[in-house]
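Here is the structure we will look at.
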Amino acid sequence: MDVTAFIEYIGTIEDETSLIEALNRALLQLGFVAFNYGSGHFTQGGGLIADRIWSTLDPNWINYYAANRYYRDDRLVRASLLSVTPFRYERIFKTPPTSSRQREMEKRFGYRSGVVVPIHRFGGDYGVLSAARPNADPQPEIEWPTIASLQLLATAFHERVRALPLPVKPLSLKIPALMLTARERQCLVWASAGKTNKDIRASYA
């Protein structure tokens, strides 16, 4: 996939629908069949206010997910809040769920292979792209060149989204800081200040 061409193309797009379609086409070229994208900002108390959530997943599942506040238990969401580098779904799902809500949610979600790209920018700006691969047995590992391309694509996409005005009635989904420990909230502060995962680990050494 030509990431440079994608970046140049989305720079000419002025509406959200066309942006979503362009992202979906690019992800399909990389072998991903579904995605979730979200953007928002962190509050001083460590909570997150999401202003956009776009998805190609079944709308019935998205509505069910939101109505049941599954974002409070979503292990991929939690990991994206604490990481500044991309990670595979497999890294999270290799550990069994710790609650019945997590088990139900992950069963309904269905996908077992994919990549999450967290985006933390100075000032508390946040974005995340979660891209899923088709389930297979055995499941081939997503290689790092593909992950690197996905990270470039996701970062450019987020930058373009942030250059657009917010919708007249933007989403205002509040994810409370209570889902994170005090140490995890401190990690978020450092991440938004530009520290890498390595820097953050060194701070606790």
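The values are calculated or read from the model by the stated rules, or taken from the named source; none is laboratory data. Only a predicted model underlies this, so the values are computations on that prediction, with no experimental measurement involved. Cβ sites come from the backbone with ideal geometry, for glycine too, and all protein chains shown count toward neighbours.
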Of everything in segment 96-111, what is surrounded by 12 or more Cβ atoms within 10 Å (Cβ to Cβ) and on the phi < 0 side of the Ramachandran plot? Give them in sequence order.
Pro97, Arg101, Gln102, Arg103, Glu104, Met105, Glu106, Arg108, Phe109, Tyr111
Cβ pairs under 6 Å, 6+ apart or interchain, first in segment 138-153 and within 17 Å of Gln29 (Cβ to Cβ), second of a type in the set (Gly, Ala, Ser), ordered by first then second residue, are Leu153/Ala26
Would you please name the residue that is modelled with the lowest pLDDT, looking only at residues in segment 35-71 that are assigned to a loop (DSSP other than H, G, I, E, B) and farther than 21 Å from Met105 by Cα?
Gly46
Out of Phe32, Phe6, I need the residue that is in contact (Cβ under 8 Å) with a residue 60 or more places away in the chain and assigned to a loop (DSSP other than H, G, I, E, B). Which one?
Phe32
Counting only residues in segment 9-24 that are in contact (Cβ under 8 Å) with a residue 12 or more places away in the chain and in a helix (DSSP H, G or I), the one farthest from the chain's Cα centre (by Cα) is identified as Tyr9
Segment 66-81 - residue that is among the aliphatic types (A, V, I, L, M) and surrounded by fewer than 17 Cβ atoms within 10 Å (Cβ to Cβ) and, of those, nearest to Trp144 (Cα to Cα):
Ala79
Quickly run through segment 52-61 and pick out the residues that are out of contact with any Phe, Trp or Tyr (no Cβ under 6 Å at 6 or more places or on another chain) and either surrounded by 16 or more Cβ atoms within 10 Å (Cβ to Cβ) or polar (S, T, N, Q) (or both).
Arg52, Ile53, Ser55, Leu57, Asn60
Looking at (1) outside any helix (DSSP H, G or I); (2) closer than 27 Å to Glu141 by Cβ; (3) under 16 Å from the mean Cα position of the chain (by Cα), which is the one condition that is false for Leu27?
(1)
Pick from Val84, Val77: which is within 22 Å of Leu27 (Cβ to Cβ), touching a residue at least 12 places away in the same chain (Cβ under 8 Å) and assigned to a helix (DSSP H, G or I)?
Val77
